[in-house]
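Asks: My questions all concern the structure below.
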Amino acid sequence: MSTVEARHVWKIYGKDVIAVKDANFRCENEEFVAFLGPSGCGKSSTLRMLAGLEDITKGEMLFDGKVVNKLSPRERNIALAFESYALYPPLTVYDNIGFPLLAKGMAKKEIDRKVRGIAEDLELTEVLRRKPGKLSGGQQQRVSLARALVRDPSVLLLDEPLSHMDQRVRTVIRARIRRIHDELHTTTIYVTHDQEEAVALADKIIVMSMGLVQQVGTADDLYNTPANQFVAGFIGEPAMNFINGKVSGQNRVALNNGESPVSWAVEENIPEASVDASVLVGIRPENIKTSKDSVDSGIKAKVEVVEYLGEERILTLRLHGTTLKAVVPIDFLAKEFQDVWLTADPADIHVFDEKSGDALIKTGR
């Protein structure tokens with residue numbers, strides 16, 4: 001078993017630089033968990049505390065229910081692969097990958113089997129006899145990843161392990177990382193700023209921003225029922241649109257449409273205490289309904305840019321100083337500077353408190 005849990009964990013550098021603030025989360029045995037967030041959000045500091053490379057300022061980190069705050073990385077039985085490769089320059093790729101197995105006293109025949117197996121998985125077979133200095137950045141990163149994966153750790157920690165690889169290799173390698181995780185039956189914690197990687201790989205995603213855990217859930221949870229405006233805007237491509245409005249009733253919001261506001265219905269009741277409050281109304285670009293003709297309850301916007309994307313078009317729209325995106329079918333032939341009218345189904349509308357950013361309703365199909 002290898003469960004990982006953080007209880008009220010803080011990381012403070014110096015006197016007042018807070019990198020991680022009161023983090024609470026749990027990674028179940030054999031679960032693949034991704035920490036997702038922008039640069040500087042605290043996800044790598046959290047990983048380093050899990051690894052034992054950073055002291056925990058306050059709180060407890062537990063492996064299988066045992067507090068590990070004072071244990072060294074070796075005592076935690078973890079494997080690490082970081083964005084910086086940390087390879088041994090005098091050793092060949094083969095010896096770099098096999099080093100942790102040699103240090104454990106594994107037989108040479110078994111080391112050879114495991115090294116060659118992981119090298120094949122990560123497309124490194126042809127460079128096994130080279131030294132790191134003769135490799136590209138992406139190849140060096142794969143060697144670092146192979147060295148972590150070749151062990152049988154209780155917990156596998158991966159910090160941006162694909163960042164220096166080109167797109168084709170990244171797509172192939174991430175699929176193999178997931179397969180190796182499933183074969184090893186290990187608990188994997190993966191740090192990334194790339195939502196596509198997190199969604200493709202993880203059973204559960206922990207979204208962080210400004211040192212705080214914003215939400216923990218599956219990709220569907222984060223996409224359909226974001227806890228706040230940050231999560232809503234960070235998950236999804238193109239990003240969710242936000243329009244200023246007011247709560248006009250427990251199941252209605254009023255949006256600015258020039259001289260008179262337009263009222264839209266929402267599926268879930270908004271708390272009575274929020275009636276008349278200023279809010280941000282969120283609609284995902286793919287859920288916006290777009291018409292070239294004026295429609296009831298439609299808000300008028302102007303087309304600024306038309307982008308062609310396979311079987312769809314993406315419209316960049318201007319609405320009273322706000323830029324919006326709408327995904328429309330390829331046969332919706334809008335032109336730049338043309339007026340269009342926008343509506344949305346009640347089930348697709350999100351409402352966030354303007355000040356706190358917290359979701360006021362749980363939207364999601």
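Asks: For the stretch 135-189, give me each residue that is modelled with pLDDT of 85 or more, of a type in the set (Asp, Glu) and in contact with a Leu (Cβ under 9 Å, 6 or more places away or on another chain).
Replies: Across the stretch 135-189, the qualifying residue is only Asp159.
Asks: Residue under question is Thr363, and the condition is that it be surrounded by 14 or more Cβ atoms within 10 Å (Cβ to Cβ), in a loop (DSSP other than H, G, I, E, B) and not assigned by TED's automatic domain parsing to the domain that holds Ser209; does it hold? Give the steps one after another, and end with the answer.
Replies: Numbers: surrounded by 14 or more Cβ atoms within 10 Å (Cβ to Cβ): yes; in a loop (DSSP other than H, G, I, E, B): yes; not assigned by TED's automatic domain parsing to the domain that holds Ser209: yes.
Judged against the criteria, Thr363 is a match.
Asks: Another question, then. Which of the residues spanning the stretch 286-308 are out of contact with any Phe, Trp or Tyr (no Cβ under 9 Å at 6 or more places or on another chain), touching a residue at least 12 places away in the same chain (Cβ under 8 Å) and more than 19 Å from Gly245 (Cα to Cα)?
Replies: Glu286, Val305, Val306, Tyr308
Asks: Quick one: count up the residues across the stretch 10-59 that are exposed (fewer than 14 other Cβ atoms within 10 Å of the Cβ), over 23 Å from the mean Cα position of the chain (by Cα) and within 21 Å of Val155 (Cα to Cα).
Replies: Going through the stretch 10-59 one residue at a time, the tally reaches 1.
Asks: Does the stretch 95-104 contain any residue that is under 20 Å from Leu158 (Cα atoms), touching a residue at least 24 places away in the same chain (Cβ under 8 Å) and either assigned to a loop (DSSP other than H, G, I, E, B) or outside the structural domain of Thr192 (by TED's automatic domain parsing) (or both)?
Replies: From the stretch 95-104, those under 20 Å from Leu158 (Cα atoms) are 96-101; that's our starting set.
Within this subset, residues satisfying the condition of being touching a residue at least 24 places away in the same chain (Cβ under 8 Å) are 96-101.
From the residues that got through so far, the ones that are either assigned to a loop (DSSP other than H, G, I, E, B) or outside the structural domain of Thr192 (by TED's automatic domain parsing) (or both) too are none.
No, the stretch 95-104 contains no residue that is under 20 Å from Leu158 (Cα atoms), touching a residue at least 24 places away in the same chain (Cβ under 8 Å) and either assigned to a loop (DSSP other than H, G, I, E, B) or outside the structural domain of Thr192 (by TED's automatic domain parsing) (or both).
Asks: Going through Val295, Val340 one at a time, which residue ends up being more than 22 Å from Gln229 (Cβ to Cβ) and at pLDDT 95 or above? Explain how you work it out, then say what you get.
Replies: On the way: Val295 fails: at pLDDT 95 or above.
Criteria check complete, one pass: Val340.
Asks: If I go through the stretch 252-273 residue by residue, how many of them are in a loop (DSSP other than H, G, I, E, B) and either surrounded by 14 or more Cβ atoms within 10 Å (Cβ to Cβ) or within 30 Å of the chain's Cα centre (by Cα) (or both)? Spell out how you get there, then give the answer.
Replies: First, pick out the residues of the stretch 252-273 that are in a loop (DSSP other than H, G, I, E, B): 256-261, 266-271.
Filter once more, so that each one left must be either surrounded by 14 or more Cβ atoms within 10 Å (Cβ to Cβ) or within 30 Å of the chain's Cα centre (by Cα) (or both): 256-257, 261, 266-271.
Of the residues in that region, 9 qualify.
Asks: I need the full set of residues from the stretch 181-191 which are in contact (Cβ under 8 Å) with a residue 60 or more places away in the chain and of a type in the set (A, V, I, L, M, F, W, C), in order please. Walk me through how you get there before you give the answer.
Replies: In the first step, residues of the stretch 181-191 are kept if they are in contact (Cβ under 8 Å) with a residue 60 or more places away in the chain; the result is 181, 185-191.
Ile189, Val191, listed by residue number.
The values are calculated or read from the model by the stated rules, or taken from the named source; none is laboratory data. Quick caveat, the model's predicted, so the values are computed rather than measured. FYI the Cβ positions are ideal-geometry reconstructions off the backbone, even for glycines, and counts take in every protein chain you see.
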